[in-house]
Amino acid sequence: MTRVIHTGDTHIGYQQYHAPERRADFLDAFRQVVSDAVDDDVGAVVHAGDLFHDRRPTLTDIMGTLDVLKDLDAAGIPFLAVVGNHEAKRDAQWLDLYERLGLATRLGEEPTVVGDTAFYGLDFVPRSKRDDLDYEFAPHDADHAALVTHGLFQPFDHGDWDAAEVLAESSVHFDAMLLGDNHKPGKQEIDGQWVTYCGSTERASASEREDRGYNIVTFDETTHITRRGLDTREFVFVDVELAESEGVERVRSKVGQHDLEGAVVVVSIDGDGDPIAPASVEEYALEAGALVARVTDHRELSADERETTVSFADPDDAVTERVRELGLSGAARDIDETVRASKVADANVADTVEDRIRELLEEDPDSLAGSGEGDDAETADHAATTEADGGEAGSPNGQSETAPAASADGGDGEDQSSMEEFL
């Protein structure tokens, strides 16, 4: 019998909502997985891709991950992994660095045997290159075998890669395919072979309302797949349906019914009612202790429904006040801050804004629409983005299928640097 933890989509380094606390949360979730692995003395931790959020993690993220993997190594538990689309680079991968340090094994066409199970790997492959795959794997003498890979597979929703075809054409019979990329967990059986997603370990999107966790897979006479939850930061979801004449006080009342201390608060407004400036609700939640607050008003409100006044006593103050009164989404305010008021050098503004817009669209396709949210979402919903080779559609996790460019999180020198020899 072989029992392993199947995890993936840890997205270490993601500074969600531009909050340093959220960046730390993603590493902490990975640390929890490793802690559970050590406590349970599993045979291995199997990671199905997107260890990092992008191809240029900071030195802080690289070293933080290194410390966690050292804990796993000290317990004698191997870390087996493949490369996902977010972290994929054209040459050496970050996973190669950890393998050289003896802290990881990059799975491939040769078997890596743990207990009585042989593990194989297939890194993320863009759709344009999948026709060239032959699914030839080296033989093994173990009792069981599993293929670990990263992509959006049928028969799951939004799948663009046929798991049944992979299993049928592979030279090795697999008891299970252990998948990453879709942040929503699930499992399907195809001709007696299990195909399963472990889901993400942290909420990379406001659309990911289910609890986060990972899979425990046991290879025995039959293959058993169970799920275990993780203790992650609280997300408070407040859905408000406004009746005619109801407005901001109704929304605040609904938000105020929750314990917001340290939470990410996501408010969704529908129905009729009066115009609402999302910023006024967000400020209310922040004053109540929320770490982050984002409001989406799904109603269509015309410009003449918004009452605005502007004073030009001080140009900067006037613009700031006007922006507040417009009731812009958090996403729009982020972009305004980058263009108008940030410390980003003028020469870098265009690239920074482009990166931020791409990130927002990956996170939530609706984040820039109307008086939408400044949410940053990234997982179970489909966003039309670009694959790692450039030119393919996106994924249901709201993730781009190309590793995003280095984020413009701010910060100083070494913390924002990566190991250039690996770029």
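The values are calculated or read from the model by the stated rules, or taken from the named source; none is laboratory data. What you are looking at is a predicted structure, and each value in this text was computed from that prediction instead of being measured. Here the Cβ positions follow ideal geometry from the backbone for every residue, glycine too, while neighbour counts run over all protein chains shown. Quick note on the areas: whole protein, heavy atoms, side chains included, nothing else; ligands and nucleic acids left out. Shrake-Rupley method; radii C 1.70, N 1.55, O 1.52, S 1.80 Å.
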field: Distance from the range 210-227 to the range 74-148 (C-alpha centre basis), Å
entry: 19
- request: Provide D141, D40 ordered by accessible surface of protein heavy atoms (probe 1.4 Å), highest first.
  value: D141, D40
query: Considering only protein heavy atoms, what is the solvent-accessible area of V82 at a probe of 1.4 Å, reported in Å² to the nearest 10?
result: 0
message: Starting from the Kirkwood Rh over alpha-carbon pairs, what translational D in µm² s⁻¹ does the range 1-62 have by Stokes-Einstein at 37 °C and 0.692 mPa s?
response: 265
- request: Could you run the Debye sum over the Cα atoms of the range 183-260, one equal point scatterer each and no solvent, and tell me log10 of I(q)/I(0) at q = 0.12, 0.13, 0.17, 0.22 Å⁻¹, two decimals?
  value: -0.54, -0.60, -0.78, -1.01
Accessible-area value, L133, 1.4 Å probe, nucleic acids and ligands omitted, Å²: 50
query: Taking only the alpha-carbon positions of the range 102-259 and ignoring solvent, what does the Debye formula give for the base-10 log of I(q)/I(0) at q = 0.10, 0.13, 0.15, 0.20 Å⁻¹?
result: -0.48, -0.69, -0.85, -1.34
query: Considering only protein heavy atoms and a 1.4 Å probe, what is the carbon-and-sulfur percentage of the accessible area of the range 1-153?
result: 45
- line: Using eta = 1.002 mPa s and T = 20 °C, Stokes-Einstein with Kirkwood Rh from Cα pairs puts D for the range 44-86, in µm² s⁻¹, at 193
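Excluding ligands, DNA and RNA, what is the solvent-accessible area per residue of the range 82-171 at a probe of 1.4 Å, expressed in Å²?
Values: 3930 Å² over 90 residues.
Result: 44 Å² per residue.
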- prompt: Ranked from the most accessible area to the least, with a 1.4 Å probe and all protein chains present, what is the order of R228, R209?
  reply: R209, R228
field: Residues of type lysines that K129 reaches as a straight line, Cα spacing below 27 Å, ignoring anything fewer than 8 places off in the same chain
entry: K89, K184, K187
- prompt: Along the three principal axes, how long is the range 209-254 when you take its alpha carbons, biggest first, rounded to the nearest angstrom?
  reply: 63, 20, 8
message: Can you give the FRET efficiency to the nearest 0.05 for F237 and S171, using r as the Cβ-Cβ distance and R₀ = 60 Å?
response: 0.85
- request: Would you mind checking which residues have amide H under 5 Å from A293's amide H? H placed 1.01 Å from N; only 5 or more apart, or other chain.
  value: V265
statement: Cβ-Cβ cut-off under 14 Å around L103, Lys and Arg +1, Asp and Glu -1: the net charge is -2
- prompt: How much accessible surface does D25 have with a 1.4 Å probe, in Å² rounded to 10?
  reply: 20
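Calculate, in whole percent, how much of the Cα-Cα pair population of the range 1-157 lies beyond 20 Å. Write down the numbers at each step before the final one.
Values: 6142 of 12246 pairs.
Roughly 50 percent, once rounded to a whole number.
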